[in-house]
Each structure stands twice: as structure tokens, then as C-alpha cells.
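In what follows, a structure is listed as C-alpha cells, so that the remarks can point back to it.
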Amino acid sequence: MFKTLINFCLIIPFFLILPPKSIAQLESLSEETSVKKLLKNNLITYKDIPNIIAKNNLELKSLEILVKASSFNLSRAISTRYPKLDFNANGLPQYLYSETFNSNSNDTKTSQYQINPSLNLRWDIIDPKRGLEIKSSKNRYEIARNNYEIKKNDLIQEANTRYHKYQKSIQDEKNAQIAVELSERSVKDANSKLKVGIGTKFEVLEANSQLERDKQFLKEKTITKEINLILLKEIFNIDYEEDLTIEEKQYLIGFWFHPFKKNLTSGIDNSFSLKNLILQNQIKKNESKAFKNGNLPIVFISNNLSSSFTKGSALASQIDPNPSSSSYSNKVSLNFSWNLFDGGQNKNSSKAKQSEAEAEKLKYLNLQNIIKTNISEAYLNLLKNKDKLISTKKEIIASKEALRLSRLRYEVGISTLKDVLIRQQELTLSQSKNIEAVYNYNINLDKLERLTFLLRNKDCNKDINTNEDFKDSICDY
């Protein structure tokens, strides 16, 4: 019987305890890629961000290790289905020497070498808690994988935001540089008019004041650009001293034509956070059932093979080191263990887990409302900034023309420098608002894609939204 059980244990299909296939897929994430080379030698585009984050971000790598740890815990739980085999030995070997003194008989001596190995096998045939614990381990593994995806998506969105912010700061610096150049021209014009006697000292002072304000504005934008570059390098996990080159020109990263209801439905159906709450609810239910099953019997098979090997004399008047003996015994049994009464511990623990499961349901409903709110906010902000893109573009065109006319009027003497400086400030402001509108549009587009798991449209296909007036549309932006 013992040999049969041993042979059965040896042919257990070990592939059953291997981690799921998805672990092999996650293993590929840790392979070295050419990300370092990309960061050092190439122009970093918006499309490169997901790959850089997935391969180079330290926080994401730590979560990847936690997913592996969870897979090992799952394998440990699955392994409880199979027999356990223990080997024990009392002395390898042990030496026994003793003397016995008798008043009515000869004295005896014992001098023996002994080895007493034993092999113990236990196989839990029926364990009411085991299946529930395996299910909970699978759920925890799924939660770990979902947490990895959540963090990866969050980091990609954050990296996108920093990328857009750095692009914005580059354009802000260029806008400030243009403002400085316009002010320098105004100072030059004011000094020229003063020299020929048709200008005033007040206009020169006014132009110089505007120039100093624009220089300070440029300095602030330059510092902001350096700060945003540091933040971008930090999330990319590259050294601050290394060079980083990105696309400087701002552009619309896509277009959004998905209906509002589809946004909400897709966001709720695909949310990893909501899936985790469902899994947490299942874990609490499984734990509640496991506590209930704690008072049910466990049935297991045990097999004990013990043996003894001795060499030497025992209780003999004269020691002879040559005699030897051996023996073995094998015991197979079907065993039954039942915890009949525990003072209500399992019952109360089960009720506690049921209450925690109810709490997870409320968390789910609350998070569902938060997701709907975030999607609605991002969707409405996208519509708002979509209109701003069109209006600020028109405002820039009008401001440039107004500045041109004001400068012509000033040159022929029918306007003042004050009017030119005002138009100049309006142009700088309109360009700043346009840069801000592009930035906010892209940010909200990223948020919508992150929250809804829908893909943006790369091309502004006019057939998608026939109700839109394309005369003043971002499709022509």
C-alpha cells in the first residue's frame, strides 16, 4: 500500500501547480530593451511614452515583482491539494553504550550503533476550507495584476501630462521671447522718434518699462520650463544631467467622437478598480464560508513507514561488535478530524467577513459614482477647451492684425505708443491662452482615454460627427 501511494505521488502532474500563462507574459516586461538608447540618442515622441514607462519606471517594476510574489502564493495554495511527505531520522547514526549491574546475575553491557529512519505521508482527501482558500488566492492574484495595470495606466497618464506640460512651457518661453523682441522694437521706435523731435521722453520710459516686464516674463517661463523638464526626467527614470529631447511643437493628439453614454458604460465596464472591489467581495465571501467550514470534518490518509538498523551487542556479558539486526513496519490509515466546538469563534468570524463583504458593495457603488463624475468632468472640459481652441486662434489672428495697424498708425503719427503696447500685450495674452487651450485639450483627452478605455480618433473624420459645423472646427486646426 505504501509503495502504491509513493508511486502515485511521484506521477502527480506538476504542471498543475505552475503559475498561469499571464505570468509568462509579465515576465517579458522585465526583459531589457532599447529604452535607454532611445532616451539618450533619439527624439522622444508622445507615442514613446507607454514603452518608456513600462520598461523604465521604478515604481512599476516594484509592482511587477509583487505580481510575481502573488503568483507564488497562488502556487502555494494549489499545492495543498497534494500529499505531504516527511522524512525523519533519530541519529545518523547514534551510538548507545550502557552497563547494567545485577546482584543475583552477571552484569551486562550494551554497545550498539543505531539508525532509526521513518517516512511519513499525509494526504488530505477532504478539507472543507482548502477549495475556498485556493479561490481566494486566485482572486488576490487577479487583484495584484489589476493593481499593476492601474498603476501602469496612471503612470502613463501622469507622464503624458508632464510631457504636455513641458511642451507648453517650451511654447510659453517662445511666446515670451517674441514679446521681448516686440518690446525691443518699440523701445527702438520710441528712441528714434525722440531723437528727431516728434516723440516724448514719456513714451521712451513707457516702452522701457514694458520691455523689463517682458524680460521678467521670459525669465519666469524659462525657469518653469526647466522645472517641467526635471519632472519629466524623474518619471522616465533618467538622470537629471542627461539630455532629453522631445517634440517642441504643440499639436492636438487626437479627436473624440464617442457618445457620452458610451463613455460612461465603457468606463464602468472596464475599470480595474471596480473589478478589484468585486474580487475583494468574493474574497470576503470565501473567507466567510471558510470560517463556517472550520467546524466540518477533515478526512485524510496517512502512511508511516519506520525502520530500525542496529549493530553491536545489547544486554550481553561480553561485547561483540559484529551482530546486527534490522526491522521495519508500515502503517496505513484513514483518519478523521472534527472540531466539534470552538466557543463560537468560527461563527462570529464568518459574520464579520459577511459584513466586510457588504461594505465592499457600498465601496463599489461609491467608486462607480466617482468614475461617472470624473468622466463627465473630463468630457465637458474637453468640449470647453475645444471651443477655446477655435476662439483663441481667431483672437491671435485679430490681435496680430490690430498690432500691425497700430504700429502703422504710430509710425505716421496718428496714434500713440501706448496703443501699440496695449495691442502687443493683447497678442501675447491671446497666444498664451491658445497654448493653454491646446494643453488642456490634450490633458482632458488623455483623461478620457484613461477613464473610459476607449481609443481616440487619430484623424478628424468628418463622417463620424455629421452634426458638427466644420466651418470653424478643430478638424481644420
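The values are calculated or read from the model by the stated rules, or taken from the named source; none is laboratory data. Small disclaimer: the values here were computed from a predicted structure and weren't measured. As a convention, Cβ positions derive from the backbone with ideal geometry for all residues, glycine included, and neighbour counts pool all protein chains shown. The protein model used for the area step is the full one, side chains on, heavy atoms only, and it has no ligands, DNA or RNA in it. Shrake-Rupley method; radii C 1.70, N 1.55, O 1.52, S 1.80 Å.
Provide Rg over Rh for the stretch 54-138; use the alpha carbon set for both Rg and the Kirkwood Rh (inverse mean inverse pair distance). Walk me through the numbers on the way to the answer.
On the way: Rg = 26.7 Å, Rh = 18.7 Å.
A ratio of 1.43.
Can you give the local net charge around P128? Use residues other than it whose beta-carbon is closer than 12 angstrom to its beta-carbon, Lys and Arg +1, Asp and Glu -1. Working shown, then result.
On the way: positive: K129, R130, K289, K292; negative: D124, D127, E133.
Combined, the nearby Lys, Arg, Asp and Glu give +1.
Sorted into 20 angstrom bins from 0, the C-alpha pair distances of the chain split as 16, 31, 24, 15, 9, 4, 1, 0 percent.
Here the stretch 389-439 is treated as an ellipsoid with the same Cα gyration tensor; its semi-axes, largest first and in whole Å, are 25, 9, 5.
Taking every pair of alpha-carbon atoms in the stretch 63-190, give the share separated by more than 16 Å as a whole percent. Of all Cα-Cα pairs in the stretch 63-190, 82 percent lie more than 16 Å apart.
With a 1.4 Å probe and all protein chains left in place, how much of the accessible area of the stretch 184-339 comes from carbon and sulfur atoms, in whole percent?
Numbers: 5110 of 9320 Å².
That share works out to 55 percent.
Neighbours of K152 by Cβ distance under 10 Å: Lys/Arg scored +1, Asp/Glu scored -1, total -3. The listed peptides 236-249, 278-291, ordered by packing as a protection proxy, come out as 278-291, 236-249 (highest mean of other Cβ atoms within 10 Å first).
The lysines whose alpha-carbon is closer than 20 Å to the alpha-carbon of K311, local same-chain residues fewer than 8 away aside, are K109. Which pairs break 28 Å Cα to Cα here: K68/K225; K384/K418; K61/K361; K61/K174; K275/K351? Going by Cα-Cα distance, K68/K225; K384/K418; K61/K361; K61/K174 fall outside the 28 Å limit.
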